[in-house]
1. Test of understanding: what is the full-extension gain from S147 to E229, defined as 0.36 nm times their sequence separation minus their Cα-Cα distance?
2. Please identify which residues in region 197-232 have an amide N closer than 18 Å to a label point set 7 Å out from the Cα of N271, following the Cα→Cβ vector.
3. Scan around V114 for amide H atoms under 5 Å from its own, H built in the peptide plane at 1.01 Å from N, and keep only partners 5 or more places away or cross-chain.
4. Give me, ordered by chain and number, the residues 5 or more places off Q121 or on other chains with an amide H under 5 Å from its own placed amide H.
5. For region 77-229, what's the relative contact order in percent, using C-alpha pairs closer than 8 Å and at least 6 residues apart?
6. Report the relative contact order of region 193-275, percent, no decimals, based on alpha-carbon pairs under 8 angstrom and at least 6 residues apart.
7. Would you pull out the residues with amide H under 5 Å of V146's amide H, same chain only if 5 or more places away, H placed 1.01 Å from N?
8. Tabulate in residue order the Karplus-calculated ³J(HN,Hα) for region 64-73, using 6.51 cos²θ - 1.76 cosθ + 1.60 with θ = phi - 60°, rounded to whole Hz; enter x for Gly and Pro.
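Values in this text are rule-based calculations from the coordinates and carry no lab data. What you are looking at is a predicted structure, and each value in this text was computed from that prediction instead of being measured. Virtual Cβ from ideal backbone geometry, glycine too; neighbours counted across all protein chains shown.
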Amino acid sequence: MMKAIMGFLRLPGIRLKLKGCIYRTLATLSVSFLVAMGAASASSTGDSSGELFFPSDDPVAELEQTRQSARANDRLVLVIMGANWCHDSRALASRIYQQPLRPIIESHYETLFVDVGYLDQGSEVIKALGPPVYYATPTVLIVDPVSGNLVNADNRHQWGSADTISMEDSVAYFRLMASAGPGALENKAAEGQELRKLLNEIDAFEQTQALRLYAAYRVIGPMLRAYKEGNPPDGFDDYWNEVRVFRLQVPMDVDELRREARNRTAAGEQNIQLNYPQYAAFSWETSQ
């Protein structure tokens with residue numbers, strides 16, 4: 001499980017907000033087993049480091065405050081969406097205060113922790129930043145405070161497995177993202193009409209899947225809360241794994257569609273027709 005890590009130190013440039021997260025499961029282990037292991041680990045060590053996700057009355061206002069602070073201090077905005085019950089969220093929240101990552105975060109980022117509750121919070125924050133939905137917890141969003149563009153738009157999904165990412169890889173990632181610097185993405189490269197049309201189509205496709213995922217969160221979120229309160233509902237593992245497969249597959253498909261659109265338009269193709277994937281209905285959808 002997660003190794004004992006240094007306690008949290010309140011540092012300049014770090015803003016603590018909200019409370020929550022989406023839990024990473026392994027295909028070979030049940031959700032119940034992993035949640036229980038996480039609880040046992042925290043209980044046995046007494047380690048609460050990484051529990052930095054707290055409720056907020058106005059998360060969008062706090063996001064704007066963080067962005068203004070980042071602009072004033074010539075930093076990027078680092079938004080970490082997660083929850084204290086999620087071991088991957090806690091692992092990443094703790095890691096950014098450890099050497100050698102800590103000085104990179106302090107120097108280049110204004111950090112905001114956003115709680116997703118039991119999958120029932122955080123939607124207004126992610127939508128304010130551009131993406132229609134958060135697929136995993138933690139979700140890492142690095143924002144240029146000048147333009148509002150996502151610096152890590154094309155490589156943000158791996159952090160759902162944050163506990164398995166090494167310190168070396170974490171340092172390399174945040175150092176690379178910081179190299180852009182505020183204002184670097186203020187003017188996007190010109191996009192041709194054909195590419196813009198395709199990207200708009202892909203955005204619409206992703207929005208449709210986001211609505212399905214939010215509906216799924218409304219189904220499994222209360223089940224997750226009941227489990228954490230000691231009342232595991234029947235079918236929780238099965239429902240959770242259905243949603244897990246969906247939320248892992250959709251961002252991969254969307255990223256691949258965008259790569260295909262860029263590659264084919266760069267090659268000079270016109271009137272491109274993309275093949276959009278179809279996804280099976282959730283079991284509770286077919287039973288209605």
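1. 25.3 nm
2. Zone members listed by number: 197-198.
3. Counting only residues 5 or more places away or on other chains, the set is I80, M81, G82.
4. Those lying under 5 Å, H to H, from Q121: there are none.
5. Numbers: 179 pairs, mean separation 41.1, N = 153.
Rounded, it is 27 percent for region 77-229.
6. 46 percent
7. Those qualifying (amide H under 5 Å, at least 5 residues apart or on another chain) are G183.
8. Each residue's phi maps through the Karplus curve to give 5, 4, 5, 5, 5, 5, 5, 5, 5, 9 Hz.
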